[in-house]
Amino acid sequence: MPQAVLTISSRNYSSWSLRGWLLCRLAGLDLTEEMVSIDAPGQRAELLLLSPSVLVPRLTHEGVSVWDTLAIAEYLNESFPDAGLYPADKLARAHCRSVSGEIHSGFQNLRSALPMNLRARHESFRIFAGAKPDIERVQSIWRDCLQRYGGPWLFGARPTVADAMFAPVATRFVTYAVPLDPACRDYVKTITDWPLIRQWMKAAASEPEEVEELDAEF
């Protein structure tokens, strides 16, 4: 019987659900998924960035209920210390927590200007000027990590919490054809070639639910 239940909303639109799912898979959890309809109270508002309260994803494991992606990451790290969710080195681990926290709590302009939509492709999308500093900051974080730790993942040879946190951003850059420098393009390819991402995207492609506001041509 599965040891854990992860409650998620839309695979296509919900960056938070993707992050939580990736974290659970990195931890090696025997997992079952429960879907919340995007028309459920609060979920549509979250997907449209109209609500600051995000209660999905929610992990239920051994009698514990944990929501918020960083809380899930910390819980999984405590529960499965050998899974390597964070780097082994203390300094790298602090760095990983810092960049993960930054993407978790900031980048509102990027979120609103480039909403996650895995099925969409906008080849000539006009990026809102307010989102451009966020895009450059993301690239700065990626370049620094890739140079410092050698890639192909942000903290070296294997994915960590940071990669789970930035994965939805990489998919946004693909959706909206955001121009990137070569190192960042390579990192986006690392993310999109990740078998876990491919599995998630395949499931997202078959979802029947749609949010018309997010499927519109911008």
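The values are calculated or read from the model by the stated rules, or taken from the named source; none is laboratory data. Model, not experiment: these values are computed from the prediction. Glycine also receives a Cβ, built like all others from the backbone with ideal geometry; neighbour counts cover every protein chain displayed.
Can you list residue pairs whose Cβ atoms sit under 7 Å apart, with the first residue in region 97-113 being closer than 9 Å to residue 165 by Cβ and of a type in the set (Lys, Arg) and the second being surrounded by fewer than 19 Cβ atoms within 10 Å (Cβ to Cβ) and modelled with pLDDT under 95? Count only pairs 6 or more apart in sequence or on different chains.
Pairs found: none.
Which of (1) out of contact with any Gly (no Cβ under 8 Å at 6 or more places or on another chain); (2) surrounded by fewer than 21 Cβ atoms within 10 Å (Cβ to Cβ); (3) of a type outside the set (Val, Ile, Thr) does residue 176 not meet, given it meets every other one?
The failed condition is (2).
Could you list, in sequence order, the residues of region 141-175 that are assigned to a helix (DSSP H, G or I) and more than 21 Å from residue 116 (Cα to Cα)? Steps first, answer last, please.
Start the filter on region 141-175 by keeping residues that are assigned to a helix (DSSP H, G or I), which leaves 141-149, 161-175.
Within region 141-175, 143, 144, 145, 146, 147, 148, 149 meet the criteria.
Count, please, the residues in region 160-173 that happen to be touching a Gly at 6+ places or on another chain (Cβ under 9 Å) and within 18 Å of residue 82 (Cβ to Cβ). Spell out how you get there, then give the answer.
If we filter region 160-173 for residues that are touching a Gly at 6+ places or on another chain (Cβ under 9 Å), which is where we start, we get 160, 164-165.
After this cut, where a residue has to be within 18 Å of residue 82 (Cβ to Cβ) as well, the list is 160, 164.
So the answer is 2.
Of all the residues that make up region 135-159, how many are within 15 Å of residue 97 (Cα to Cα) and either at pLDDT below 95 or touching a Cys at 6+ places or on another chain (Cβ under 6 Å) (or both)?
Qualifying residue count, region 135-159: 3.
Name the pairs whose Cβ atoms lie under 7 Å apart, with the first residue in region 180-200 and without any contact (Cβ under 8 Å) to a residue 40 or more places away in the chain, the second part of a helix (DSSP H, G or I) and aromatic (Phe, Trp, Tyr), and 6 or more positions between them or separate chains?
Correct list of pairs: 188/173.
Take residue 49 and decide whether it is in contact with a strand residue (DSSP E or B) (Cβ under 7 Å, 6 or more places away or on another chain), modelled with pLDDT under 95 and surrounded by fewer than 21 Cβ atoms within 10 Å (Cβ to Cβ).
Answer is no for this residue.
Are there any pairs with C-beta distances below 9 angstrom linking a residue in region 56-85 that is more than 20 Å from residue 101 (Cβ to Cβ) to a residue that is among the basic types (Lys, Arg), with the two at least 6 apart or on different chains, and if so which?
65/58
Among the residues of region 153-185, which ones are charged (D, E, K, R) and out of contact with any helix residue (DSSP H, G or I) (no Cβ under 8 Å at 6 or more places or on another chain)?
Answer for region 153-185, where residues must be charged (D, E, K, R) and out of contact with any helix residue (DSSP H, G or I) (no Cβ under 8 Å at 6 or more places or on another chain): 158, 185.
Considering only residues of region 87-118 that are among the small types (Gly, Ala, Ser) and buried (at least 17 other Cβ atoms within 10 Å of the Cβ), which is nearest to residue 19 (Cα to Cα)?
Step one: filter region 87-118 for residues among the small types (Gly, Ala, Ser), giving 88, 92, 94, 98, 100-101, 105-106, 112-113.
Keeping just the survivors that are buried (at least 17 other Cβ atoms within 10 Å of the Cβ) gives 92, 100, 113.
On the way: 92: 20, 100: 11, 113: 19 Å.
Here the residue is 100.
Are there any helices (runs of 4 or more DSSP H) wholly within region 65-119 with 1 or more residues that are assigned by TED's automatic domain parsing to the domain that holds residue 170 and of a type in the set (Ser, Thr, Tyr), and if so which?
Answer list for region 65-119: 90-105, 108-113.
With respect to residue 203, is the statement that it is within 25 Å of residue 27 (Cβ to Cβ) and in contact (Cβ under 8 Å) with a residue 60 or more places away in the chain true?
yes
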